[in-house]
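Participant: If you scroll down you'll find the structure; I have some questions about it.
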């Protein structure tokens, strides 16, 4: 940047221009030959241009923000749906596993019950055979006891 000394030793920057502003004339130190145009509200065209650019950037940022918000909402909704599907799948898998476990345990109980019944029937047969074997001896002893009295 080129700096020059003014009348009172103050340095002024004559070559600096804002990158987004376009000069519409040459500006003097006191503004006598200033060709910059003001509108009714007192705002320079360059300032209007800068404000318009700022508004455009704000609008773009707002659109991007809305897009990001929409994308995040869609991502959240998708994740919630996926979570619901996983929960449903886990519940059905758990229910299937519980049903299989119940069936296995019921088969084991039936097998155990059958073994106990068979053992009881076997013991009953043994007791009956012993009783029948000893029946004649018991009858003879009873008869002797009754007759001897």
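Participant: Which residue, of 138, 127, is in a helix (DSSP H, G or I), touching a helix residue (DSSP H, G or I) at 6+ places or on another chain (Cβ under 9 Å) and surrounded by 10 or more Cβ atoms within 10 Å (Cβ to Cβ)?
Facilitator: 138
Participant: Further question: Kindly indicate whether residue 83 is surrounded by 10 or more Cβ atoms within 10 Å (Cβ to Cβ), free of Cβ contacts under 8 Å to residues at least 12 places away in the same chain, within 25 Å of the chain's Cα centre (by Cα) and in a helix (DSSP H, G or I).
Facilitator: Yes; evaluated as a whole, the condition is true for this residue.
We did not get these values from a lab; they are worked out from the coordinates using the rules stated. Just so we're clear, the structure is a prediction, and the values are computed from it rather than from any experiment. With ideal geometry, Cβ positions are generated from the backbone for all residues, glycine too; neighbour counts draw on all protein chains shown.
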